[in-house]
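What follows is a single structure, written as structure tokens, with notes after it.
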Amino acid sequence: MTQQAMTSQRPMPEITPMTEPFWSAARRRELVVQRCDGCGTLRFPPEVACYACGSRRAAWTPVSGRATLYSWTAAPPPLLPYFADRAPWPVALVQLAEGPRMFTNLAGIAVEEYAIGMELQAGFEDIDGETTLVVFRRA
Ligand SMILES: [Zn+2]
């Protein structure tokens, strides 16, 4: 593989033991977040301990996928080569109906149409045989 081909490939998420349940669920078309066994607080991204009560026990639980657009930006260059070819690259912060916020991409919505508070629904985008991204579409 040439250097050019390598650098223009999409950067892939780093899947760790802590995040693997999230990625497995995405492959099943399910959105999950961590739920603290101690106090019930839902959290995303995953953490080793609850920031509300300190408990280290948690389980992954499905959420509805309903969300609203909390904030967004469109990143200008300099960017990694994959994104530079697609600049400005929009990045959205959505608030799940259940509370946690998640950085993501909006699919099928032009940047000019982004509006804070717009209603969204989780969707899933297979980017290779093993990785599925959670994206959000207009509800
Ligand atoms: Zn807790």
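What does the charge count near residue 127 come to, summing +1 for each Lys or Arg and -1 for each Asp or Glu among other residues with Cβ under 12 Å from its Cβ?
-2
Find out how many positive minus negative residues lie around residue 26, taking Lys and Arg as positive, Asp and Glu as negative, among other residues whose Cβ is under 13 Å from that of residue 26.
Summing Lys/Arg as +1 and Asp/Glu as -1 gives -3.
Segment 1-108: which GluC sites (Glu not before Pro) are DSSP loop and have at most 14 other beta-carbon atoms within 10 angstrom?
14, 47
Which chymotrypsin sites (Phe, Trp or Tyr not before Pro) does segment 48-139 hold that lie in a coil by DSSP with at most 10 other beta carbons within 10 Å?
Qualifying residues, ordered by number: 51.
Loop-only check: which trypsin sites (Lys or Arg not before Pro) in segment 44-139 are DSSP coil with at most 16 other Cβ within 10 angstrom?
56, 57, 86
On the accessible surface of the chain, probed at 1.4 Å, how many percent belong to carbon and sulfur atoms?
Of the solvent-accessible surface of the chain, carbon and sulfur hold 53 percent.
How big is the gap, in Å, between the Cα center of segment 11-26 and the Cα center of segment 91-114?
Value for the Cα centre distance between the two parts: 19 Å.
So, in nm, how far is label residue 16 from label residue 119 when the simple model puts each one 7 Å beyond its Cα toward the Cβ?
It works out to 3.7 nm between the two label points.
What accessible area per residue, rounded to a whole number of Å², is obtained for the chain using a probe radius of 1.4 Å?
The answer is 58 Å² per residue.
The values are calculated or read from the model by the stated rules, or taken from the named source; none is laboratory data. Predicted model only: the values in this text are computed from it and were never measured. All Cβ positions, glycine included, derive from the backbone under ideal geometry; neighbour counts span all protein chains shown. For accessibility, only protein heavy atoms count, side chains too; no ligands or nucleic acids. Shrake-Rupley method; radii C 1.70, N 1.55, O 1.52, S 1.80 Å.
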